[in-house]
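J.: Quick one: the structure is below, and I'll ask about it shortly.
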Amino acid sequence: MSINEIVTLVKDIVLALCAIGTLSLAVYGLKSWARELTGKADFEVSRQLIRAVYKFRDEMEYSRSPMTLAHEFPSDYDPTNKESEYQAKSWSYVFSNRWKPVVEAVQELEAQGLEAEALWGTEIKQLVQNLRKNARLLRVGMQAVVDNEMHEHENFTCNPDLATQMRNRVWKPALGDSDEITDSISLAVEELENYLRPHLKRN
């Protein structure tokens, strides 16, 4: 084999090695880019979901304020009118306005929960549902109070335990006492925070 042939062979080998090295770098770079994109997606979905979680928690708390102010009733509300249908409609008006922000918070929570489920699977879906179910409890409580007014307080008079349960769903007990919805929301929020915390650190 001549010197020229040897040089050509060495040159071809060097070029092949360079090509392999370049390809390896490209593959590594592509994988790094993909990991970075995944990390950014995880972070963004986590950030949006935890915001939706906190919004839901806060709207539920506002809607359950133990103090019902005069401006929450219809503008022509007459507190001296004790007629059952009138009181039922008045309380229905109050609850409808308190319920609207909760509905918006639920819709945002569900939308963000779907994105999270697409990334991480059914575990996060269950955690979101554990939080969301409290809106249903609140709505049932509101309807129970309205029905009680419509039936001249007979529903709650016949079942004092039911009365306490439904009223504690609608109005958060004062003085920081625990209740069904508050305890459930606190636990669900804590579970979601623990699940999302690692994803929020990947940015």
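The values are calculated or read from the model by the stated rules, or taken from the named source; none is laboratory data. Worth saying up front: this structure is predicted, and the values here are computed from it rather than measured. Cβ: placed from backbone, ideal geometry, glycine included. Neighbour counts: every protein chain shown.
J.: Given (1) in contact (Cβ under 8 Å) with a residue 24 or more places away in the chain; (2) exposed (fewer than 14 other Cβ atoms within 10 Å of the Cβ), identify the lone condition not met by ASP76.
T.: So the condition that ASP76 fails would be (1).
J.: Take the residues in segment 98-110 that are surrounded by 13 or more Cβ atoms within 10 Å (Cβ to Cβ) and either more than 25 Å from GLU44 (Cα to Cα) or at pLDDT below 95 (or both), then tell me which one is nearest to the chain's Cα centre (by Cα).
T.: Among those that are surrounded by 13 or more Cβ atoms within 10 Å (Cβ to Cβ) and either more than 25 Å from GLU44 (Cα to Cα) or at pLDDT below 95 (or both), it is TRP99.
J.: Among the numbered criteria (1) surrounded by 16 or more Cβ atoms within 10 Å (Cβ to Cβ); (2) among the acidic types (Asp, Glu); (3) free of Cβ contacts under 8 Å to residues at least 24 places away in the same chain, which one does GLU149 miss?
T.: Evaluating GLU149 over (1) surrounded by 16 or more Cβ atoms within 10 Å (Cβ to Cβ); (2) among the acidic types (Asp, Glu); (3) free of Cβ contacts under 8 Å to residues at least 24 places away in the same chain leaves (3) as the failure.
J.: If I filter segment 158-179 down to residues being in contact (Cβ under 8 Å) with a residue 24 or more places away in the chain and outside any helix (DSSP H, G or I), which single residue comes out as nearest to LYS100 (Cα to Cα)?
T.: TRP171
J.: May I pose another question? Does THR182 satisfy the condition of being assigned to a helix (DSSP H, G or I) and crowded, with 17+ Cβ neighbours inside 10 Å? Walk me through how you get there before you give the answer.
T.: Details: assigned to a helix (DSSP H, G or I): yes; crowded, with 17+ Cβ neighbours inside 10 Å: yes.
It is true that THR182 is assigned to a helix (DSSP H, G or I) and crowded, with 17+ Cβ neighbours inside 10 Å.
J.: Another question about this same structure. Among the candidates ARG132, ARG136, which residue alone is closer than 24 Å to ASP183 by Cβ and out of contact with any helix residue (DSSP H, G or I) (no Cβ under 8 Å at 6 or more places or on another chain)? If you could, list the steps in order and put the result at the bottom.
T.: Numbers: ARG132 fails: out of contact with any helix residue (DSSP H, G or I) (no Cβ under 8 Å at 6 or more places or on another chain).
After applying the criteria, what remains is ARG136.
J.: Listed residues THR80, THR122; which is within 23 Å of the chain's Cα centre (by Cα) and among the β-branched types (Val, Ile, Thr)? Before you say what the answer is, go through the steps one by one.
T.: Numbers: THR80 fails: within 23 Å of the chain's Cα centre (by Cα).
Going through THR80, THR122 in turn, just one is within 23 Å of the chain's Cα centre (by Cα) and among the β-branched types (Val, Ile, Thr): THR122.
J.: Give segment 121-146 a look and list any residue that's among the hydrophobic types (A, V, I, L, M, F, W, C) and either free of Cβ contacts under 8 Å to residues at least 12 places away in the same chain or over 19 Å from TYR62 (Cβ atoms) (or both), or say none.
T.: Within segment 121-146, the subset among the hydrophobic types (A, V, I, L, M, F, W, C) is 124, 127-128, 131, 135, 137-138, 140, 142, 144-146.
Once the filter is applied, which keeps residues that are among the hydrophobic types (A, V, I, L, M, F, W, C) and either free of Cβ contacts under 8 Å to residues at least 12 places away in the same chain or over 19 Å from TYR62 (Cβ atoms) (or both), segment 121-146 yields ILE124, LEU127, VAL128, ALA144, VAL146.
J.: SER84 - would you say it is touching a helix residue (DSSP H, G or I) at 6+ places or on another chain (Cβ under 7 Å) and among the polar types (S, T, N, Q)?
T.: So SER84 passes the test.
J.: While we're looking at this one, here's another question. Can you say whether ARG47 is under 29 Å from LEU187 (Cα atoms), part of a helix (DSSP H, G or I), within 16 Å of the chain's Cα centre (by Cα) and of a type in the set (D, E, K, R), as far as the supplied structure shows?
T.: Values: under 29 Å from LEU187 (Cα atoms): yes; part of a helix (DSSP H, G or I): yes; within 16 Å of the chain's Cα centre (by Cα): yes; of a type in the set (D, E, K, R): yes.
When the stated conditions are applied, ARG47 passes them.
J.: Only one of ASN97, ASN130, ASN155 is assigned to a helix (DSSP H, G or I), within 26 Å of HIS71 (Cβ to Cβ) and polar (S, T, N, Q). Can you tell me which? It would help to see each step written out before you state the result.
T.: Working: ASN130 fails: within 26 Å of HIS71 (Cβ to Cβ); ASN155 fails: within 26 Å of HIS71 (Cβ to Cβ).
Of the residues listed, the single one that is assigned to a helix (DSSP H, G or I), within 26 Å of HIS71 (Cβ to Cβ) and polar (S, T, N, Q) is ASN97.
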